[in-house]
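Peer 1: Would you mind keeping the following structure in view while I ask a few things?
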Amino acid sequence: MSEPIEPASAAEAARELARVLLEQADALDLHDLRATGAIENVRVQARALADAVHERGWGDIFLGIDSYDPDELDDLPLGPDDFDDPADYREIVEGSGLDDLEELEEQPLPENGVRLSYQARYDYVVTDPEAFVRYVRSRADEAQNDEVVDDIEDARSAFELLCYLDGLGSKDYESFGLIPGGGEESHKVVQFSLWDLDPTRRDDTYPY
């Protein structure tokens, strides 16, 4: 039996990012290629820190200010530039346009009610990519979107759709007295699965 693999040290990655930031700080104010190089150095080390934190079961350390996947840009929150009339944006921000919240896929929540939250991490290993993709494609019609099958290009994209189809967030419990209060999901190819890690490390994943 192979020995457990220790994940990268998040503490060391954080110290290295601090060192890189101090080293590149002056260059970030420049208007030439030195600034470009400094930005790239910071991004590389920031990504190393984000990966190290993620391997311990935590979410994105930068809370959305990290680099976005271009394919996810359409999912970003609406901003002033998305409205022809600035007044329309102000109406939503100031709260007088609550009727538009439905278009933003958010519903006003009742003031009373027990707030429940579910956090978990489940890792999987793809042993037969073709069989896995074929299975998810066979269920694509459950998403009720004719275009979604075209997005299944590999095991990773198939996994993302499977999590949508079978995930807790896809279920409707409103008729049983339980309504959604918001949710975030993360899908990522990781270097180590939970069973690759020492059992004590697994206990550090997603604590409340």
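The values are calculated or read from the model by the stated rules, or taken from the named source; none is laboratory data. Owing to the predicted nature of the structure, the values given are computational and were not obtained by experimental measurement. Counting neighbours? That spans all protein chains shown, and the Cβs are built from the backbone with ideal geometry, glycine included. Protein only, heavy atoms only, side chains kept; ligands, DNA and RNA dropped before computing areas. Shrake-Rupley method; radii C 1.70, N 1.55, O 1.52, S 1.80 Å.
Peer 1: Within the bounds of the range 177-196, is there any residue that is at pLDDT 85 or above, within 27 Å of HIS54 (Cβ to Cβ) and among the acidic types (Asp, Glu)?
Peer 2: No: zero hits.
Let's see how each residue does on (1) surrounded by 15 or more Cβ atoms within 10 Å (Cβ to Cβ); (2) assigned to a helix (DSSP H, G or I):
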{"position": "GLU23", "(1), (2)": "no, yes"}
{"position": "ALA27", "(1), (2)": "yes, yes"}
{"position": "HIS31", "(1), (2)": "no, no"}
{"position": "GLU40", "(1), (2)": "no, yes"}
{"position": "ASP51", "(1), (2)": "yes, yes"}
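Peer 1: Is it the case that the range 72-94 has a residue that's of a type in the set (Gly, Ala, Ser), more than 30 Å from ASP198 (Cβ to Cβ) and either assigned to a loop (DSSP other than H, G, I, E, B) or modelled with pLDDT of 75 or more (or both)?
Peer 2: Checked against the condition, which is being of a type in the set (Gly, Ala, Ser), more than 30 Å from ASP198 (Cβ to Cβ) and either assigned to a loop (DSSP other than H, G, I, E, B) or modelled with pLDDT of 75 or more (or both), the range 72-94 yields at least one hit.
Peer 1: Residues of the range 167-178 being in a loop (DSSP other than H, G, I, E, B) and open to solvent by less than 80 Å² (accessible area, probe 1.4 Å), which ones?
Peer 2: Those that are in a loop (DSSP other than H, G, I, E, B) and open to solvent by less than 80 Å² (accessible area, probe 1.4 Å): GLY167, GLY177.
Peer 1: Here's a follow-up. Can you confirm whether PHE132 is surrounded by 14 or more Cβ atoms within 10 Å (Cβ to Cβ) and outside any helix (DSSP H, G or I)?
Peer 2: no
Peer 1: Now a separate question. Can you find, within the range 135-166, the residue that is surrounded by the fewest Cβ atoms within 10 Å (Cβ to Cβ) among those that are of a type in the set (Asp, Glu), out of contact with any helix residue (DSSP H, G or I) (no Cβ under 7 Å at 6 or more places or on another chain) and in a helix (DSSP H, G or I)?
Peer 2: Restricting to residues being of a type in the set (Asp, Glu), out of contact with any helix residue (DSSP H, G or I) (no Cβ under 7 Å at 6 or more places or on another chain) and in a helix (DSSP H, G or I), the top hit is ASP150.
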